[in-house]
Amino acid sequence: MERFKINIEYFTDGTAYSTNLFETEHFKIDYTANTDHIRLALCTKNSPIKNIKFKMTVPYDFNDNSRVFLNGYQSWTDCREYFTDEEPPKIDLRQNISYKASCLGAAGDYAFKKYDRRHGVFHGYSYAYVRDGETVDLFGSLSEREGYTIITAVCPENEIVFERDMEGVTVDGEYVLIDVIHFNGSRDTVFDKYFEVMNVGKPRVGRANGYTTWYNYYANISEDIVMSDLEALSKVDAKIDFFQIDDGYQTAVGDWLSIDPKKFPHGMKYAADKIHEKGMKAGLWLAPLGCQYRSAVAKDHPDWLIRDKSGRAVRCGFNWGGFYALDIENPEVREYIKNFFDVVLNDWGYDMVKLDFLYAACIVPNHGKSRGQLMCEAMDFIRECVGDKLILGCGVPLAPAFGKVDYCRIGADMDLQWEKKLIFHREDVSTPHTLGNTVFRRDLDGRAFLNDPDVFLLRDSNMKCTLQQRKIIADVNRIFGSLLFTSDNVDEYDDEKKELLLQVFNGEKPRVVSAEFVTNDILEIHYVENAQEHRLCFNLKNGELY
């Protein structure tokens, strides 16, 4: 990587500049550059500089055997290995414009990253790799605190481009423009080195089984439903670690201590106690950094909301009729969040919190901080609030979550059908997308956290996938995942479904030998289980076995 070129655009003293020099009258760039590591630090001279756009280009020889992976923006963003001549994830230009003008694509990067529509051009965040057979070239950022590192593979031009998202930042002194490593070797070797250099310790938790209410009842849950499914699950002849209550227990998102009295007449401590009586840990879903438009917190504390440059509260998505982001730079907001975590974890007694829509922390750069810095600091704060209890992260840019969460979703929400006619954005609900992410983000499992591949569903009711497709999903989850959740009332299972459930919950995690696309859509997986090699091959687009 010692061969590279740079370009930097910036604004200072009332004038905009663009240069490829390492020193000008306004700054000097100090750098370390060798085969494995490049670090560039910008040091201002006389005046602060802002509106910085930085790009570093490194030559790379792609070939016909190259497979390219770029990590998606956050948990739900689709990402998989690509052939070098494939079309990148498709975002229609008209959609891109509408995303910037609305909150339709708020969960993604559409407001700050321009999409390149050329074949063979793919972008992602924080880490990427190019694989040629068994050999992997890994490129990874060592820190996102100065801003997100955007990596683009430009295969037609044999280049890899590194950018830093520094929107909102004014530099007066030293600022790290880029800090990336390059390791070459086997898959395990390069990823082990990467996390060692970042000083991210191994997760403290182990592979686990469990249940969540979401993918059967969604927000239409109740105490009666929880007790019924809990009783059914407790009879399963397997170790069940978690029973998680998902969205729908609260009167509004953001009002976490205001419980719907019709749905949960005995309150949430009662539910946690009942879960514990069955020998399981109690999990509870929250979106701690968001609040619905109609929530009491939004109405009573408008000064707690993140606002854009014009002073308008920033919308984070259409969920629940629309929601805002809470500004954790506000001391009152921090106290509010600390308080409801204290009640949930200590008064109610929940053992794990699933924390969702965490991208809200960095929905826009503010307080002079980049999106990356805001997200990293938000994850620090959340870990502080939760203490020694367990965190399942979701809807979060992944690098800031490395070492901060115990489990983490690494794909989109599972759908009740395989094929979906309309995908509105890369973070949308999608069975193919989440399966692709489960396979190709497997390198994070056991290093950054334990991977949550989302649920497998075996039931016949309220389900549009065929039984064959349901089996594929269950197989992919147990082969690659470390948090194996269902949302089924297992009392409804016939003997075949009961046997399939036990195969997932009681089996040891297989050893993956290989997983790659043999065509653009057909994914072939080889793995070893019980000392025997197995093959799973299916069309990711439509769920047909091969």
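The values are calculated or read from the model by the stated rules, or taken from the named source; none is laboratory data. From a predicted model like this one, the values you see are computed outputs, not experimental measurements. When we count neighbours, we look across all protein chains shown, and the Cβ atoms used for this are built from the backbone with ideal geometry, even at glycine. SASA here: full protein model, heavy atoms, side chains in, ligands and nucleic acids out. Shrake-Rupley method; radii C 1.70, N 1.55, O 1.52, S 1.80 Å.
Here are a few things to note about the model shown:
- Which listed residue, of Lys235, Lys281, is over 30 Å from the mean Cα position of the chain (by Cα) and open to solvent by 60 Å² or more (accessible area, probe 1.4 Å): Lys235
- Residue in region 131-141 that is crowded, with 18+ Cβ neighbours inside 10 Å and touching a Gly at 6+ places or on another chain (Cβ under 8 Å) present: yes
Residue-by-condition table, conditions (1) of a type in the set (Ser, Thr, Tyr); (2) open to solvent by 30 Å² or more (accessible area, probe 1.4 Å); (3) touching a helix residue (DSSP H, G or I) at 6+ places or on another chain (Cβ under 7 Å); (4) not in a strand (DSSP E or B):
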{"site": "Met1", "(1), (2), (3), (4)": "no, no, no, yes"}
{"site": "Ile8", "(1), (2), (3), (4)": "no, no, no, no"}
{"site": "Phe11", "(1), (2), (3), (4)": "no, yes, no, no"}
{"site": "Tyr17", "(1), (2), (3), (4)": "yes, yes, no, no"}
{"site": "Leu21", "(1), (2), (3), (4)": "no, yes, no, yes"}
{"site": "Lys28", "(1), (2), (3), (4)": "no, yes, no, no"}
{"site": "Leu42", "(1), (2), (3), (4)": "no, no, no, no"}
{"site": "Lys53", "(1), (2), (3), (4)": "no, yes, no, no"}
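- Boolean, Asp109 is open to solvent by less than 10 Å² (accessible area, probe 1.4 Å), among the acidic types (Asp, Glu) and on the phi < 0 side of the Ramachandran plot: yes
- Filtering region 321-344 to residues that are of a type outside the set (Asp, Glu) and assigned to a helix (DSSP H, G or I) leaves Gly321, Pro331, Val333, Arg334, Tyr336, Ile337, Lys338, Asn339, Phe340, Phe341, Val343, Val344.
- Region 474-486, residues that are more than 19 Å from the chain's Cα centre (by Cα) and either open to solvent by less than 10 Å² (accessible area, probe 1.4 Å) or hydrophobic (A, V, I, L, M, F, W, C) (or both): Ala474, Ile479, Thr486
- Tally of residues being among the basic types (Lys, Arg) and closer than 21 Å to Arg478 by Cβ across region 203-229: 1
- On the stretch given as region 258-288, residues that are assigned to a loop (DSSP other than H, G, I, E, B) and at positive phi total 1.
- Residues that are surrounded by 13 or more Cβ atoms within 10 Å (Cβ to Cβ), in a loop (DSSP other than H, G, I, E, B) and of a type outside the set (Phe, Trp, Tyr), drawn from region 309-320: Val314
- Residue match in region 245-256 (condition: open to solvent by less than 50 Å² (accessible area, probe 1.4 Å), of a type outside the set (Gly, Ala, Ser), in contact with a strand residue (DSSP E or B) (Cβ under 6 Å, 6 or more places away or on another chain) and not in a loop (DSSP other than H, G, I, E, B)): yes
- Selection within region 411-454: residues that are of a type in the set (A, V, I, L, M) and open to solvent by 10 Å² or more (accessible area, probe 1.4 Å). The member of this set that is farthest from Tyr73 (Cα to Cα) is Leu416.
- First in region 436-465 and in contact (Cβ under 8 Å) with a residue 40 or more places away in the chain, second anywhere and open to solvent by 20 Å² or more (accessible area, probe 1.4 Å) and small (Gly, Ala, Ser), Cβ under 9 Å, 6 or more apart: Ala448/Ala399; Ala448/Gly403; Phe449/Gly403; Leu450/Gly206
- Complete set of residues in region 59-82 that are crowded, with 18+ Cβ neighbours inside 10 Å and part of a strand (DSSP E or B): Arg67, Val68, Phe69, Leu70, Tyr82
- Restricting the first member to region 334-359 and to residues that are under 23 Å from Leu483 (Cα atoms), and the second to residues that are part of a strand (DSSP E or B) and open to solvent by 30 Å² or more (accessible area, probe 1.4 Å), the beta-carbon pairs closer than 9 Å and six or more apart or on different chains are Tyr350/Lys281; Asp351/Lys281; Met352/Lys281.
- If the condition is being of a type in the set (A, V, I, L, M, F, W, C), closer than 15 Å to Trp256 by Cβ and either part of a strand (DSSP E or B) or open to solvent by 70 Å² or more (accessible area, probe 1.4 Å) (or both), then region 291-308 contributes only Cys291.
- Of the residues making up region 273-295, those that are within 30 Å of Ala313 (Cβ to Cβ), out of contact with any Ser or Thr (no Cβ under 9 Å at 6 or more places or on another chain) and of a type outside the set (A, V, I, L, M, F, W, C) are Pro288, Gly290, Gln292, Tyr293, Arg294.
- Candidates Ala531, Ala515 - the one that is within 23 Å of Tyr407 (Cα to Cα) and either surrounded by 15 or more Cβ atoms within 10 Å (Cβ to Cβ) or not basic (Lys, Arg) (or both): Ala515
- Residue in region 490-512 that is farthest from Gly206 (Cα to Cα), counting only those that are open to solvent by less than 20 Å² (accessible area, probe 1.4 Å) and not charged (D, E, K, R): Tyr493
- Test for Thr35: is it at pLDDT below 95 and within 35 Å of the chain's Cα centre (by Cα): yes
- Where strands (runs of 3 or more DSSP E) sit wholly within region 395-510, those with at least 1 residues that are under 21 Å from Leu70 (Cα atoms) occupy 407-409, 450-452.
- Number of positions in region 385-401 that are touching a helix residue (DSSP H, G or I) at 6+ places or on another chain (Cβ under 8 Å) and over 16 Å from Leu142 (Cα atoms): 9
- Within region 321-377, being polar (S, T, N, Q) and over 19 Å from Thr149 (Cβ atoms) holds for Asn330, Asn339, Asn346, Asn366.
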